[in-house]
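Below is one structure, written out as structure tokens; the observations come after it.
The values are calculated or read from the model by the stated rules, or taken from the named source; none is laboratory data. Keep in mind that this is a model prediction, so the values were computed, not measured. FYI the Cβ positions are ideal-geometry reconstructions off the backbone, even for glycines, and counts take in every protein chain you see. These area figures cover heavy atoms from the full protein model, side chains too; ligands, DNA and RNA do not enter into them. Shrake-Rupley method; radii C 1.70, N 1.55, O 1.52, S 1.80 Å.
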Amino acid sequence: MLSVSDAEAIILNLVQPLHNQRDTEVVDLLADNRILASPVTSNLDFPHWDNSAMDGYAVRYEDVQHCSEEAPAVLEIIEEIPAGYQPQRTIKLGQAARIFTGAVMPAGGDTVVMQEKTRLEDNRVFILTAPKLQEFVRHKASYYQAGTELLPAGIVLNAPEIAVLAAAQCTQLRVCRKLRVAIFSTGNELVTPDKPLQPGQIVDSNQYAIASLVRQTGAEVLMLGIVKDDPEILKQVISQAIANADIIISSGGVSVGDYDYVEQILNSLSAKIHIRSVGMKPGKPLTFATFPNQNCLYFGLPGNPAAVLVTFWRFVQPAMKKMSGLADNWLSFVKARSHEELRSDGKRETYLWGKLHLVDGFYHFHVAGGSHSSGNLINLAQTNALAILPVGKTLISPGEEVQVLQVG
């Protein structure tokens, strides 16, 4: 039985990110939640030109550097410069131009005086307070210089990144293709949510939970349904998944029961099984395998629903993030103060689910009420974090710090 850290290292070391040409595609700007496959540069400077950061007056600093309310500088207004207008005049000694936020600075002007520090009389402006040199001037290329890297590869494109790309007129983006993830559940006792339950049957919630989590990462889901405990049928399904998916995720059938066939089928398909069990609670029966000459990963998750979610968050999600081309941030751990007492038997690394809140700069963890059994799915609803009690740690007292994995 491997430790959690050893299992994580094995998985992430074997994951190969999508980065070569055949694993990318070109998309337009509406590329939300896609991962950038190559760095982006622009031929535009930001700002594109020197411009005003304030409504006011463009002036020469030497004309206004010593003025005050008692001894204002009096300047002739020679031009009005709204945003989107190309200045036509050069500011000379004793002159100023009315200018608006975002407008191009005129030649000769090096400073902007905000209008609140001025008084207007006909075509003259009285500067009542001496500004700083180059005050309220946004200089060309001070945010970004054309030809340099604008955005790096391996980042998720969300609203801020899309805005930057749009402003830079980068309309065609090379992104990593979406992962294809095949999902199925195993067990003769399972039925779909739309079927009436017979004695001894269980609704298959795992497949729907996994599909939702997979979609949240931006991957495509291949739903293969419920597979009965029949070795031949299981082999056909897994073979089909290998041919069509980057990652295969099954739930159930990876323990040591008489009807748990997954390992023998993986062996028959020449798979290399790297992990069979992990020292964690919940989630001990976890299988991880690779296939020869196939860039395909197999995750056999436990059958109990809470264990499925915990093992997905802990191992599958970071593997998917790395494989999809994301450069980093595969897992997000924080330190939090526990509001309640947290207990474990100390024999295995233990995960307790609950809610994480940020209050006055500090994270606070509230453990979910009720049983933390691997079979209890109900109190997982509306949780967003897993508190982690390491091996040998049996108690976290209220107010004590605990390591927390952010999920969801």
Residue-normalised value, i.e. accessible area per residue, for segment 54-210 at 1.4 Å probe, in Å², stands at 52
Given [x] 30.7, 96; [y] 24.9, 85; [z] 19.8, 59, which label gives Rg and Dmax of the Cα atoms in Å as computed from the coordinates? [x]
Tell me which of Gln264, Leu224, Thr290 sits at the most positive position along the dipole axis of segment 184-308, charges placed on C-beta atoms (Lys, Arg +1; Asp, Glu -1). Thr290
Convert each backbone phi in segment 220-227 into a coupling constant with the Karplus relation 6.51 cos²θ - 1.76 cosθ + 1.60 (shift: θ = phi - 60°), then list the ³J(HN,Hα) values in order as whole Hz, x for Gly and Pro. 8, 9, 10, 7, 9, x, 8, 10
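Put Met54, Met223, Met1, Met323 in order of accessible area, largest first, 1.4 Å probe: what do you get?
Values: Met54 50, Met223 85, Met1 140, Met323 0 Å².
Accessible-area ranking of Met54, Met223, Met1, Met323, largest first: Met1, Met223, Met54, Met323.
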Enter the accessible area of Leu93 (Å², nearest 10), with the probe set to 1.4 Å and all protein chains included. 130
Check: C-alpha center segment 328-402 vs C-alpha center segment 19-49, spacing in Å is 38
Tell me, what % of the accessible area of the chain is carbon and sulfur with a 1.4 angstrom probe? 49
Expressed as a whole percent, how much of the Cα-Cα distance distribution for segment 34-73 exceeds 12 Å? 77
Could you order Thr192, Thr394 so the one with the most accessible surface comes first? Probe is 1.4 Å. Thr394, Thr192
Cα to Cα, under 22 Å, and not fewer than 8 places away if on the same chain: which lysines meet these conditions relative to Lys281? Lys335, Lys347, Lys355, Lys393
Extension gain, Asn188 back to Trp49 (0.36 nm per residue minus Cα-Cα distance, nm): 43.2 nm
Suppose accessible area is computed on protein heavy atoms with a 1.4 Å probe; arrange Lys140, Lys393 from highest to lowest. Lys140, Lys393
Find how many whole Å separate the alpha carbon centroid of segment 269-286 from the alpha carbon centroid of segment 147-168. 39
Nearest-0.05 FRET efficiency for His139 and Gln264, computed from C-beta distance (R0 51 Å): 0.15
Solvent-accessible area per residue for segment 259-408 (1.4 angstrom probe, square angstrom): 43
